[in-house]
Amino acid sequence: MNNRTFAIIKPDAYKKGASGKIIDRIIEEGFEIMGMKSIVLTKEKAEGFYEIHKDKSFFNELTEFMSSGKCVLLALKRDNAVNKWREVIGSTNPDEADSGTIRKLFGSNTGNNAVHGSDSKENGNIEILYFFSENELFEEN
Ligand code: ADP
Ligand code: MG
């Protein structure tokens, strides 16, 4: 069944000019892009997005990084979208990611790992609606 997931091209990947390649890959992997925008997150918006990690030692580093430059936000649709996107991006730590995954190709380290992917269908919807309103999302199929 079709479902949604949420992706971010993080500032490290954006800065190295990898956005086009990553968007190509998204399309090649059969995702429909329902919504896409390029913005710079405020620190507060990044803190809200990653609230689940607020007690982690890396929270400040993470939210500083995520608000350090432009991101591309993507609402994606595909069958098995959440699992498929996690498979395409690879492990959190690019050194441990399978070859050919986006984090292996474009990530630098556990913090600067090129892309975000939702971890469940429920969180995918919550994360999409954290950045998009329903009327900004378009479905072809
Ligand atoms: P994922 O993005 O693979 O779902 P997590 O949800 O565990 O990973 O962490 C969210 C993000 O926080 C990661 O993508 C990464 O950018 C950052 N992060 C996770 N662990 C660390 C760490 N040990 N040190 C620095 N940054 C980290
Ligand atoms: Mg996560």
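Observations
- When each of K45, K16, K54 is tested for being among the charged types (D, E, K, R) and touching a residue at least 40 places away in the same chain (Cβ under 8 Å), the lone residue that passes is K16.
- K54 being open to solvent by 80 Å² or more (accessible area, probe 1.4 Å), in contact with a strand residue (DSSP E or B) (Cβ under 8 Å, 6 or more places away or on another chain) and farther than 12 Å from F6 by Cβ: no
- Any hit, segment 41-59, residues being of a type in the set (F, W, Y), outside any helix (DSSP H, G or I) and more than 16 Å from ligand 1 (Cβ to nearest atom): no
- Test: residue in segment 100-111 that is surrounded by 18 or more Cβ atoms within 10 Å (Cβ to Cβ) and closer than 22 Å to T42 by Cβ: no
- Qualifying residue in segment 77-84 (condition: out of contact with any Ser or Thr (no Cβ under 9 Å at 6 or more places or on another chain), among the acidic types (D, E) and away from ligand 1 (no atom under 11 Å from the Cβ)): yes
- For segment 20-40, the candidate set comprises residues that are part of a helix (DSSP H, G or I) and open to solvent by 20 Å² or more (accessible area, probe 1.4 Å); within that set, the residue that is nearest to ligand 1 (Cβ to nearest atom) is R25.
- Index of the failed condition, N135 passing every other in (1) open to solvent by 20 Å² or more (accessible area, probe 1.4 Å); (2) away from ligand 1 (no atom under 15 Å from the Cβ); (3) within 22 Å of K45 (Cβ to Cβ); (4) touching a helix residue (DSSP H, G or I) at 6+ places or on another chain (Cβ under 9 Å): (4)
- Of the residues making up segment 49-60, one or more are within 16 Å of N112 (Cα to Cα), under 14 Å from the mean Cα position of the chain (by Cα) and either more than 14 Å from ligand 2 (Cβ to nearest atom) or of a type outside the set (A, V, I, L, M) (or both).
- Qualifying residue in segment 61-83 (condition: out of contact with any Phe, Trp or Tyr (no Cβ under 9 Å at 6 or more places or on another chain), open to solvent by 30 Å² or more (accessible area, probe 1.4 Å), closer than 14 Å to I26 by Cα and free of Cβ contacts under 8 Å to residues at least 60 places away in the same chain): yes
The values are calculated or read from the model by the stated rules, or taken from the named source; none is laboratory data. Computed from a prediction, not measured in an experiment: that's the story for all the values here. Positions of Cβ are backbone-derived with ideal geometry, glycine not excepted, and every protein chain shown enters the neighbour counts. For accessibility, only protein heavy atoms count, side chains too; no ligands or nucleic acids. Shrake-Rupley method; radii C 1.70, N 1.55, O 1.52, S 1.80 Å.
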